[in-house]
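Each reported figure results from applying straightforward, stated rules to the coordinates on display, with no laboratory input. Computed from a prediction, not measured in an experiment: that's the story for all the values here. Please note: Cβ atoms are built from the backbone with ideal geometry, for glycine as well, and neighbour counts cover all protein chains shown.
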Amino acid sequence: MKIAILFVALVIGAVRSNAQSATIIPLTAGDTVSNGGAASKVIRLTAGYSGVVIQAKATKVSGTVAGNIKVQGSLDGSNWDTLTVAQSVTDVASQTRSFYISAPVPVFLRVIHTGYGTMSSILSVRYVARRYNQ
């Protein structure tokens, strides 16, 4: 009986150790997009990943929110290339845009929210990076 309980505990522990939750990038003062400006968040991935799921959220502060959100990649953190099609942001209280990046995943990923018109919104980003063999 003790062996059966120990076995069940080990199985549950193995399943829980493979579960991944999203990493949330903390908000900073530069995360507010005003009028035609932009805000960005950089994700640095230092291990081999088979893919990354990114959720970017634009939260309305004031005005008529408009613009887009896109993801760029870089190997050195200086030279950026656009990886995704820009997704539109419209005038609602908050909205989330998801991006799926598959291998090969660059070392740096940058999420950019660009605004249009007279508006103010806050960019927040969360992501999950999947390692190979998971």
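Its alpha carbons considered, the stretch 20-73 gives a radius of gyration followed by a Dmax of 13.5, 42 Å. Highest mean first, the peptides 57-68, 81-92 sorted by other C-beta atoms within 10 Å per residue fall in the order 57-68, 81-92.
Close amide H contacts of VAL107 (hydrogens built in the peptide plane, cut-off under 5 Å, sequence separation of 5 or more or a different chain): SER74.
In order along the stretch 115-122, the phi-based Karplus estimate (6.51 cos²θ - 1.76 cosθ + 1.60, θ = phi - 60°) of 3J(HN,Hα) comes to x, 10, x, 9, 7, 8, 8, 10 Hz; Gly and Pro are listed as x. Its alpha carbons give the stretch 22-131 an Rg and a Dmax of 13.6, 42 Å. Restricting the stretch 94-134 to chymotrypsin sites (Phe, Trp or Tyr not before Pro) that sit in a DSSP loop and have at most 16 other Cβ atoms within 10 Å of their own Cβ leaves TYR116, TYR132. Figure legend: label point modelled 7 angstrom from the Cα of SER88 along Cα→Cβ; residues of the stretch 26-68 with amide N under 13 Å from it are 66-68.
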